[in-house]
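*Asks:* Below: one structure in structure tokens.
The values are calculated or read from the model by the stated rules, or taken from the named source; none is laboratory data. Fair warning: this is a prediction, and the values are worked out from it, not measured in the lab. With ideal geometry, Cβ positions are generated from the backbone for all residues, glycine too; neighbour counts draw on all protein chains shown. Just the protein is used for accessible areas: all its heavy atoms, side chains included, with ligands, DNA and RNA removed. Shrake-Rupley method; radii C 1.70, N 1.55, O 1.52, S 1.80 Å.
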Amino acid sequence: DLFLTITTTTYRPRVNVFSSREFCHTKWAIFQCSRELLFESSYTRSISHNQYLNSETKNLVQPAGYYQGITFCPTSTSTFTGRTDTLEILNNFFFDSEKTQKAFLLFGLGGAGKTQVALEFRKRFRQKFTKIYFITADTEESIQACLFDIAIDNGLMNPQDWRSGIHWLNTHEENWLIIMDNADNPKLPLRRYLPSCEHGNIIITSRNAELQNAVGQSLELWDMSPSEGLQLLVKHAVKGPLNKVQHKHAAQIAKELYYFPLALVQAGAYILKQNCLLTYSSRLKSQRRQLMERKLTQFRDKYQLSVYATWNLSWNMLSEKSQKLLEICSHLHHEKIPRQLFKKA
């Protein structure tokens with residue numbers, strides 16, 4: 001780890017070695033431990049690089065929504081299943097012999113598993129990248145906050161704004177990876193925030209197919225294969241092996257949900273909680289029928305109807321207070337909702 005050594009003295013310091021990266025004045029001298037400054041009548045203590053940055057960034061003008069570590073990249077869920085062909089395509093694209101910047105777009109319907117595929121790729125191949133950053137790309141404000149964090153993370157003591165993060169990515173010829181997640185808004189000028197250099201790696205996840213023009217390669221994610229869809233459902237719905245009757249019912253449920261990842265996960269969680277594998281199919285059909293009778297305009301395809309039907313079954317099981325809490329949370333960003341908000345309410 002990088003440490004900073006702070007030396008205090010009541011005498012004028014005598015500096016034997018001094019470089020442009022080191023500085024001093026009458027009270028403090030801050031320098032890397034790999035260098036050495038000699039002082040008379042002084043005492044020394046060490047603090048970590050991050051400790052020093054924490055104190056310094058408090059005085060900076062920070063972008064809206066910024067918090068330190070906002071670009072930390074999570075891992076994929078422990079129940080990640082399948083998508084072997086997609087991961088192989090990503091592997092071949094990013095690790096070919098061509099030395100240039102590589103940008104890949106994963107696009108498709110919400111709930112198809114785009115983010116999870118990107119995170120699983122990061123999990124399996126993280127050792128091949130020098131740095132990995134996760135950028136929430138749903139708004140310009142969130143992108144700017146993330147780029148500002150990249151600057152802070154790499155030791156830029158006084159970054160002016162988000163452009164300092166772009167500058168670091170452009171000028172450091174490393175094999176970094178940035179995942180720009182949920183870049184769905186077609187009005188968002190995403191190209192403005194893409195590094196303009198000949199190195200580095202970018203994965204974009206989006207519902208917007210038009211972003212194919214901004215990358216080197218793209219892939220649309222749809223439903224899973226029948227075997228993978230069944231496997232995903234079972235991981236969430238049942239603890240332990242299935243008998244023949246259970247397997248038959250699980251296969252039928254997966255088929256009725258069109259092997260769509262989000263619908264399978266929601267159905268599995270409901271089945272596990274209610275212990276209703278053998279009766280879930282009839283409940284699902286009843287719920288679909290009720291939704292169709294309401295003629296809601298948002299059900300433009302079978303996938304959206306399946307997702308909403310599985311979600312609505314779970315929603316109906318919640319207490320009135322729980323439903324109210326989720327309604328309030330639906331007006332907030334899905335990350336970092338402060339407990340204090342509800343304590344003060």
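*Asks:* Whether any residue in region 160-174 is within 14 Å of the chain's Cα centre (by Cα), surrounded by fewer than 22 Cβ atoms within 10 Å (Cβ to Cβ) and not charged (D, E, K, R) is what I want to check.
*Replies:* no
*Asks:* Out of region 44-76, which residues are in a helix (DSSP H, G or I) and either under 15 Å from the mean Cα position of the chain (by Cα) or modelled with pLDDT of 50 or more (or both)?
*Replies:* Asn54, Ser55, Glu56, Thr57
*Asks:* Here is a follow-up. If a residue has to be of a type in the set (Asp, Glu) and assigned to a loop (DSSP other than H, G, I, E, B) to count, how many in region 310-345 make the cut?
*Replies:* Summing the residues that are of a type in the set (Asp, Glu) and assigned to a loop (DSSP other than H, G, I, E, B) in region 310-345 gives 1.
*Asks:* Quickly run through region 176-194 and pick out the residues that are in contact with a helix residue (DSSP H, G or I) (Cβ under 8 Å, 6 or more places away or on another chain), part of a loop (DSSP other than H, G, I, E, B) and exposed (fewer than 15 other Cβ atoms within 10 Å of the Cβ).
*Replies:* Pro186, Pro189, listed by residue number.
*Asks:* Okay, moving on. Among what's in region 258-284 and is over 21 Å from Gly110 (Cβ atoms), touching a residue at least 12 places away in the same chain (Cβ under 8 Å) and assigned to a helix (DSSP H, G or I), pick the residue that is most open to solvent (accessible area, probe 1.4 Å).
*Replies:* So, considering only residues that are over 21 Å from Gly110 (Cβ atoms), touching a residue at least 12 places away in the same chain (Cβ under 8 Å) and assigned to a helix (DSSP H, G or I), the one most open to solvent (accessible area, probe 1.4 Å) is Lys273.
*Asks:* Separate question: Of everything in region 77-92 that's touching a residue at least 12 places away in the same chain (Cβ under 8 Å) and not in a helix (DSSP H, G or I), which residue is surrounded by the most Cβ atoms within 10 Å (Cβ to Cβ)?
*Replies:* The selected residue is Thr81.
*Asks:* In addition: Can you pull out every residue in region 178-215 that is closer than 14 Å to Ala103 by Cβ and free of Cβ contacts under 8 Å to residues at least 40 places away in the same chain?
*Replies:* Matches in region 178-215: Arg191, Ser196, Asn213.
*Asks:* Also, I was wondering about something else. Determine which member of the set Gln231, Gln217 is in contact with a Phe, Trp or Tyr (Cβ under 6 Å, 6 or more places away or on another chain) and either of a type outside the set (A, V, I, L, M) or more than 29 Å from Leu318 (Cα to Cα) (or both).
*Replies:* It is Gln217.
*Asks:* Then there is this: Looking only at region 246-257, which residues are open to solvent by less than 80 Å² (accessible area, probe 1.4 Å) and either charged (D, E, K, R) or in contact (Cβ under 8 Å) with a residue 40 or more places away in the chain (or both)?
*Replies:* Glu256, Leu257
*Asks:* If you scan region 216-245, which residues turn out to be over 30 Å from Asp96 (Cα atoms), open to solvent by less than 50 Å² (accessible area, probe 1.4 Å) and touching a residue at least 24 places away in the same chain (Cβ under 8 Å)?
*Replies:* Scanning region 216-245 gives Gly229, Leu230, Leu232, Leu233, Val234, His236, Ala237, Val238.
*Asks:* Follow-up. Take the residues of region 110-133 that are out of contact with any Leu (no Cβ under 8 Å at 6 or more places or on another chain) and closer than 25 Å to Gly82 by Cα: which is least open to solvent (accessible area, probe 1.4 Å)?
*Replies:* Result: Leu119.
*Asks:* If I filter region 300-330 down to residues being at pLDDT below 85 and open to solvent by 40 Å² or more (accessible area, probe 1.4 Å), which single residue comes out as nearest to Leu272 (Cα to Cα)?
*Replies:* Here the answer is Trp311.
*Asks:* Would a scan of region 135-154 turn up a residue that is closer than 27 Å to Phe95 by Cβ, open to solvent by 20 Å² or more (accessible area, probe 1.4 Å), modelled with pLDDT under 95 and not acidic (Asp, Glu)?
*Replies:* Yes - at least one qualifying residue is present in region 135-154.
*Asks:* Go through (1) closer than 30 Å to Ile132 by Cβ; (2) at pLDDT 95 or above and name the single condition Leu230 misses.
*Replies:* It fails just one condition, (1).
*Asks:* With respect to Leu291, is the statement that it is at pLDDT below 90, open to solvent by less than 70 Å² (accessible area, probe 1.4 Å) and assigned to a helix (DSSP H, G or I) true?
*Replies:* When the stated conditions are applied, Leu291 passes them.
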